[in-house]
Amino acid sequence: MSLEIWVIGLGLVLMLADVFMPAERRRFLAYGAIAALGGLLVTNWANGATGTAFSGMFVQDGLAIFFKRFFLIAAILVLFMAAEFSEQLTAGISEYYSLIVFALSGMLFAASANNFAMLFVAIELITVTFYVLTSFQRNRLASLEAGVKYLILGALSSAFMVFGIALVWGTTGQLNFNELAAVTGQFASDKIFLLGVMLVLVGLGFKIAAFPFQIWAPDVYQGAPTPTTAFLAIGSKAAGFVLLLRFLFAAIPDVTTHGMNLLIIVSGITILYGNLCAIPQRNLKRLLGYSSIAHAGYLLLGVAALSASGQAAVLFYLGGYLFTVLGAFTVICLVMRQADAEDIPALAGLNQRSPLLATTLTLAMVSLAGIPPLAGFFGKFLLLKAVIQQAQATGNHGYYCLTFTALAGVVISLYYYFGIIRTIYWSKDVPDLSPIALSGPAKVTLAACMAGMFWIGLFPNTLVTLATEAVKALK
């Protein structure tokens, strides 16, 4: 619990600093927050103690430790991006930083949730914070519209989840995941219990933007401030997946094994929906919104595999996705503020304006497409490997169909990802060739994202080992 307490304290300090710090210096609060989170990350890496708190509601195991480090790294990179973006905020810069930190605290609680009460509190802390972060640019109609859409759909999904939790508790009398797992077999055929499970999955499906609960993602991604979109794309999605893994494999393992075909169908449709809808998009953030839906489908491959190797593949994929997505959104944050537009044609001639930005975005698109030797390729390889192994073990032909669907999704994605690269290097309509000046922290962020993509792609063993050890907590 000490990590969560320190993070919440940091958020309060950032909020109070707004009163005492001159407006022109508030941007540098982000660097103070980065230093503090960096110190917490180092401390957490040095101290991997496990345990429980609040009568088992909060658990500190290998899975929680993996995701907490993941969330800390994501928040640090997002705060670098937020510092660059602060010029576009007319007011409340320190509040923006503090809200990012509060969202981080919710993600940290989600990583350790071992009880429905803790699960719901963590999700609401993340979601309510993102309601504000999404609509933070009150001078932009698109930001306000995105915030309202996210609020309405998020509240609806929360209502479904609360009702589902009530039905599960009403039938089993258990809220703790370990205690629920011990009695789940007795209720595997209880329709009220199964309805409650489905409603909980509806709420979690909204968090990860899986079909058919994905309709909010493109509008919110497009309208929200870029750092918010980046944190939503990686932090919120990862929080949804750690909760999904705990719920399916730690709380209701007996029911999960019977839901194999449902998971296969949802994964396949999510992949196809995200990739096909991304093809006609011209707004880059909206395109990445649909891409995010497709990647939720790829991640569900590991969940549908119902195996430890599939679960480890999910964690590995998220690790590569972290550096890839944040690299892409950092480029958007730095380029689109100059072009005052977020459409793909604004990237024309980027290789001449800033070779570093062009290289980072190109590598991000190549990694998202799953091309070697970057992180995205090995992540997709592990997910497909887990699915094929499960197909051979169970004889379920649905897994083979899912494999072909995933491969088709990869082929489709090549079109729109490489369309962005084509615009960067070979577009003939170049509206602006003025150089883009980059600050030192921006260069560091871009270099870190590129290094992460290459390191995970070329030397995957370290992350594979960490992921494999982490998912042992689900057994």
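Here are some notes:
- Residue check, Ala473 surrounded by 18 or more Cβ atoms within 10 Å (Cβ to Cβ), over 30 Å from Tyr290 (Cβ atoms) and either touching a helix residue (DSSP H, G or I) at 6+ places or on another chain (Cβ under 7 Å) or not charged (D, E, K, R) (or both): yes
- Looking across Ala348, Ala341, one residue alone is crowded, with 18+ Cβ neighbours inside 10 Å, of a type outside the set (Asp, Glu) and at pLDDT below 90. It is Ala348.
- Ile8 meets the conditions (1) at pLDDT 90 or above; (2) closer than 17 Å to Val242 by Cβ; (3) not aromatic (Phe, Trp, Tyr) in every case but one. The failed one is (2).
- In summary, Gln214 fulfils each of the numbered conditions (1) modelled with pLDDT under 90; (2) surrounded by fewer than 21 Cβ atoms within 10 Å (Cβ to Cβ) with the single exception of condition (2).
- Where helices (runs of 4 or more DSSP H) fall entirely within the range 302-405, those with at least 3 residues that are under 25 Å from the mean Cα position of the chain (by Cα) and at negative phi are at 308-339, 355-369, 375-394.
Residue-by-condition table, conditions (1) under 29 Å from Ala442 (Cα atoms); (2) out of contact with any Ser or Thr (no Cβ under 6 Å at 6 or more places or on another chain); (3) without any contact (Cβ under 8 Å) to a residue 60 or more places away in the chain:
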position: Gly310; (1), (2), (3): no, yes, no
position: Tyr321; (1), (2), (3): yes, yes, no
position: Gly327; (1), (2), (3): yes, no, no
position: Ile332; (1), (2), (3): yes, no, no
position: Leu357; (1), (2), (3): yes, yes, no
position: Thr362; (1), (2), (3): yes, yes, no
position: Gly370; (1), (2), (3): yes, yes, yes
position: Gln392; (1), (2), (3): no, yes, yes
position: Thr403; (1), (2), (3): no, yes, yes
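- Flag for Val128 being open to solvent by 10 Å² or more (accessible area, probe 1.4 Å), under 23 Å from Thr330 (Cβ atoms) and free of Cβ contacts under 8 Å to residues at least 40 places away in the same chain: no
- Filtering the range 449-470 to residues that are over 22 Å from Ser112 (Cβ atoms), touching a Leu at 6+ places or on another chain (Cβ under 9 Å) and open to solvent by 40 Å² or more (accessible area, probe 1.4 Å) leaves Phe454, Trp455, Leu458, Val464.
- Scanning the range 174-211 for residues that are assigned to a helix (DSSP H, G or I), open to solvent by less than 60 Å² (accessible area, probe 1.4 Å) and small (Gly, Ala, Ser) yields Ala181, Gly185, Gly196, Gly203, Gly205.
- The numbered conditions (1) in contact (Cβ under 8 Å) with a residue 60 or more places away in the chain; (2) farther than 22 Å from Leu466 by Cα; (3) open to solvent by less than 30 Å² (accessible area, probe 1.4 Å); (4) not hydroxyl-bearing (Ser, Thr, Tyr) are all true for Gln88 except (3).
- Residues in the range 101-142 that are closer than 15 Å to Leu3 by Cβ and of a type in the set (Ser, Thr, Tyr): Ser105, Ser112.
The values are calculated or read from the model by the stated rules, or taken from the named source; none is laboratory data. Predicted, not measured: the structure shown is a model, and the values here were computed from it. Here Cβ is always computed from backbone atoms with ideal geometry, including for glycine, and neighbour counts include all displayed protein chains. The protein model used for the area step is the full one, side chains on, heavy atoms only, and it has no ligands, DNA or RNA in it. Shrake-Rupley method; radii C 1.70, N 1.55, O 1.52, S 1.80 Å.
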